[in-house]
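Have a look at the structure below, then the notes.
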Amino acid sequence: MRISGAKNAAPTVGRPAKVLYITSSRLMRESEAAVREHAGSGDELPQRICSQLLANEPRYCEWHAFHEFKMRNVADARQRYPQVLQLRAVAVQQVHRTSLVNYLRFGRVTGAARDDALRLFHGVSDLRDATLAEHRSYLVAASTQVCTRDLLGLVGDKEGLDLLRRYELAYAQYFAMFCDRARALQTGKNYLLGSLLPEVKDVADRLRLRIVESELGATGLRRIWAAAAHSSSPARTPARAVAPRDRDRFGPRAAALPASRLARSHTAR
């Protein structure tokens, strides 16, 4: 974390706010540490994701390049408030990118229904190739999701973490209904909950806008400044000593944009 200007302090009236931001190298260092930490202990789902990532060197390299690109975008904001919004946006993107695998897993969608769902997003491609591609994309996105959560916890954005959990639930409900309706139409059946789909989508959309576009209130800003003030110079502090990592619930079913782009693109914009 890099501090420009004097020691951390909340901005005062009549004075310009001191620039406080996290460098891309610090973001990557924290993220790499998060992957190792979660792989060794913690909640079952993040542990399984990070363990699989570390066990597959090519996949880890793919994730590292993907995540580094995202973290450079965050670092380029160069001020704490824009960086927080950038981290939130990255987290939302991963909700979309992991949604299909989470739908299949948590919805216990198997057999012909699973094949139909894969075809919905991968077209007529070989189902085995589609499965491997979706799992590869999921592992990369879910790993970045784990890291982004830890980074939001590190900067003290509790409001953002809470909104993200709520969005994951809302988006998972919308995505599941979208897939169930599409599969029903493919087989010539009626989907009785279809009339509720616009309403469920609207709930998810409004939450997403609150996450990535709404202003952080004064309370939120004070909380983030206070979290940063716990360390006089994080750039010279070991990563583990800056702040305890947020170990709240990893977040339910949530991302990967479908081939048709219909479901996920509606809320990704």
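Values in this text are rule-based calculations from the coordinates and carry no lab data. Keep in mind that this is a model prediction, so the values were computed, not measured. Cβ: placed from backbone, ideal geometry, glycine included. Neighbour counts: every protein chain shown.
Just need the relative contact order of the range 39-152 here, percent rounded to a whole number, with Cα pairs under 8 Å and 6+ apart.
38 percent.
Using amide H atoms built in the peptide plane, which far-off residues or other-chain residues are under 5 Å from TYR21 H to H?
ARG2, SER4
With θ set to phi - 60°, apply the Karplus curve 6.51 cos²θ - 1.76 cosθ + 1.60 along the range 32-49 and write out the HN-Hα couplings as whole Hz, x wherever there is a Gly or Pro.
My calculation for the range 32-49 gives 4, 5, 5, 4, 5, 4, 5, 5, x, 6, x, 5, 4, 5, x, 5, 5, 4 Hz in order.
Can you tell me the Rg and Dmax of the range 54-190, counting just the alpha carbons, in angstroms?
Cα only, the range 54-190: 16.9, 53 Å (Rg, Dmax).
Can you list the GluC sites (Glu not before Pro) in the range 176-216 that are in a DSSP coil and have 11 or fewer other beta carbons within 10 angstrom?
Here the GluC sites (Glu not before Pro) that fit, given the DSSP loop and packing criteria, are GLU213, GLU215.
So what are the ³J(HN,Hα) numbers for the range 180-196, from phi and the Karplus equation (6.51, -1.76, 1.60; θ = phi - 60°), rounded to whole Hz, Gly and Pro as x?
Whole-Hz 3J(HN,Hα) from phi for the range 180-196: 4, 5, 4, 5, 5, 5, 4, 9, x, 9, 8, 10, 5, 8, x, 5, 8.
Which GluC sites (Glu not before Pro) from the range 81-185 combine a DSSP loop assignment with at most 14 other Cβ atoms within 10 Å?
Working: sites: GLU134, GLU159, GLU168; in loops: none.
Counting only loop positions with at most 14 other Cβ atoms within 10 Å, none of the GluC sites (Glu not before Pro) in the range 81-185 qualifies.
Could you work out Rg/(2.2 N^0.38 Å) for the range 117-181, with Rg from alpha carbons only?
Normalised Rg, Cα atoms only: 1.43.
Could you work out how far apart the two model spin labels at ARG166 and GLU32 are, taking each label as a point 7 Å from the Cα in the direction of the beta carbon, and quote it in nm?
Distance between label points: 3.7 nm.
Which trypsin sites (Lys or Arg not before Pro) does the range 53-138 hold that lie in a coil by DSSP with at most 16 other beta carbons within 10 Å?
Answer by residue number: ARG78, ARG108.
For the range 99-116, in order, what is each residue's ³J(HN,Hα) by Karplus, 6.51 cos²θ - 1.76 cosθ + 1.60 with θ = phi - 60°, in whole Hz (x at glycine and Pro)?
My calculation for the range 99-116 gives 5, 5, 4, 5, 4, 5, 6, 6, x, 6, 8, 9, x, 5, 5, 5, 4, 5 Hz in order.
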